[in-house]
Amino acid sequence: MRAVQVTGYGDVDKLQVVDIPVPEPKSNEVLVKIKACAINNTEIWMREGAYGAGSKSGWKPEGVEFPRTPGSDITGVVVKVGDQVDPLMVDKDVVLFPFTSSGEAGLEHISDDMSFIGSEYDGGYAEYVAWPAELCYEMPLSSYTDSAVFSVSGLTAWHMVNQIHLQPGETVMVTGSNGGVGSLNVQIAAKVFGAKVIAIVGDMAAEEKLKELGAAHVLSYKSAHLSKEILEVNGGPIDAVLDVVGDALFSISLEVLKKGGKFCISGSAGGQKTSLDFRTVYLKHITMYGSVLGTRVEFKEMLDAISAGKIKPVIDRTFSLEEAKEAQVYFKNKGKLGKILLIP
């Protein structure tokens with residue numbers, strides 16, 4: 001089969017299109033013919049060594065083993081099953097839960113042995129993938145491409161909103177609103193949890209689309225008076241922040257939060273390190289959350305909301321498998337709205 005492998009840490013020249021054998025499903029696994037795979041920051045940062053190089057470079061202590069086929073947002077059709085799997089799963093259209101874990105229900109995402117598809121396992125930049133049958137869920141939509149945009153970004157966004165216990169009518173600021181996680185944060189916070197969303201972007205050309213997704217207000221981080229504008233449109237401090245940017249908007253986030261406000265971060269595209277005056281945190285009684293992925297229960301809740309039409313796919317562009325290098329370069333460009341997909 002055709003696959004794209006990461007051969008080591010470095011630039012996109014470390015992505016190579018190869019011909020490798022089709023994987024054989026283990027007794028508890030199914031073989032999925034991949035129809036679409038969305039791109040995430042995770043596989044790019046893994047290749048670039050942002051999580052570290054050598055040991056402790058991935059989700060497990062021993063680090064990533066190369067070559068590795070990346071890709072974690074996967075949809076496809078089951079074409080073969082292991083001997084312990086119900087044969088009726090053959091021909092089922094599925095979306096893959098993106099990691100394995102021995103953690104008990106509700107704590108799977110924080111288990112020490114959590115292992116991510118596309119990092120610890122070969123993933124979706126390929127024509128086929130083998131994956132545990134119990135981690136394959138019915139596609140929420142009829143389209144493979146539409147259904148592929150949610151697995152990692154959607155689960156991440158859903159868990160972020162859950163973590164801060166967002167209530168109807170509360171105001172939440174969403175940073176990076178044009179991206180995969182950010183655009184889903186907007187939809188989930190507004191359309192599922194009933195919150196008032198202030199979406200932060202760089203390019204205001206996305207304003208109307210973000211309002212369609214549920215944003216009450218759209219503001220640009222390029223404004224020299226962003227804090228003032230946030231307080232003005234909300235009529236005062238806000239209840240919560242859902243952040244995927246990190247340093248670039250951290251001080252503003254703390255400034256506009258009300259006393260007792262909540263800050264949840266699940267990315268650092270705008271800087272991985274920041275300066276923090278602890279007095280701001282304790283004098284304002286701010287609760288801070290770190291968030292990565294989520295639970296299987298949350299995954300199913302998200303799929304149900306998608307099936308019900310509460311959350312819609314936002315796709316910027318698709319690429320062929322052979323265009324993986326170009327796709328990752330394009331992914332890192334600013335100004336896009338929604339997900340980038342590879343189609344085998």
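The values are calculated or read from the model by the stated rules, or taken from the named source; none is laboratory data. Because the structure is a prediction, the values reported are computed rather than measured. When we count neighbours, we look across all protein chains shown, and the Cβ atoms used for this are built from the backbone with ideal geometry, even at glycine. Calculation scope for accessible area: heavy atoms of the full protein, side chains included, ligands and nucleic acids excluded. Shrake-Rupley method; radii C 1.70, N 1.55, O 1.52, S 1.80 Å.
Sort through V241, V256 and tell me the only one that's within 17 Å of I164 (Cβ to Cβ), in contact with a Pro (Cβ under 8 Å, 6 or more places away or on another chain), open to solvent by less than 10 Å² (accessible area, probe 1.4 Å) and among the hydrophobic types (A, V, I, L, M, F, W, C). Outline the logic, then answer.
Details: V241 fails: in contact with a Pro (Cβ under 8 Å, 6 or more places away or on another chain).
Just one listed residue meets the conditions, V256.
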Complete set of residues in region 21-41 that are closer than 19 Å to I343 by Cα, of a type in the set (A, V, I, L, M) and either open to solvent by 40 Å² or more (accessible area, probe 1.4 Å) or not in a loop (DSSP other than H, G, I, E, B) (or both): V22, L31, V32, I34, A36, A38
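Residue-wise test of (1) within 19 Å of M302 (Cα to Cα); (2) buried (at least 17 other Cβ atoms within 10 Å of the Cβ).
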position: G71; (1), (2): no, yes
position: I74; (1), (2): yes, yes
position: V81; (1), (2): no, yes
position: V85; (1), (2): no, yes
position: V90; (1), (2): no, no
position: E108; (1), (2): yes, yes
position: Y121; (1), (2): no, yes
D316 versus (1) in a helix (DSSP H, G or I); (2) in contact with a strand residue (DSSP E or B) (Cβ under 8 Å, 6 or more places away or on another chain); (3) among the acidic types (D, E): which is the lone unmet condition? (1)
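Out of the residues in region 136-151 that are outside any loop (DSSP other than H, G, I, E, B) and open to solvent by 10 Å² or more (accessible area, probe 1.4 Å), state the one that is farthest from Y9 (Cα to Cα). Steps first, answer last, please.
Let us first name the residues in region 136-151 that are outside any loop (DSSP other than H, G, I, E, B), namely 136-138, 144-147, 151.
Cutting the leftovers down to open to solvent by 10 Å² or more (accessible area, probe 1.4 Å) gives us 136-138, 144-146.
Numbers: C136: 30, Y137: 32, E138: 35, Y144: 30, T145: 29, D146: 31 Å.
Among residues in region 136-151 that are outside any loop (DSSP other than H, G, I, E, B) and open to solvent by 10 Å² or more (accessible area, probe 1.4 Å), the one farthest from Y9 (Cα to Cα) is E138.
Which residues, counting only those in region 15-39, are of a type in the set (D, E, K, R) and closer than 24 Å to D316 by Cβ? Please lay out each step first, then the result.
Step one: filter region 15-39 for residues of a type in the set (D, E, K, R), giving 19, 24, 26, 29, 33, 35.
Residue satisfying the conditions is K35 alone.
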Pairs, first touching a residue at least 24 places away in the same chain (Cβ under 8 Å) and part of a strand (DSSP E or B) in region 74-99, second among the charged types (D, E, K, R) and open to solvent by 10 Å² or more (accessible area, probe 1.4 Å), C-beta under 6 Å, six or more apart: T75/K35; G76/K33; G76/K35; V77/K33; V77/D93; V78/K92; V79/K33
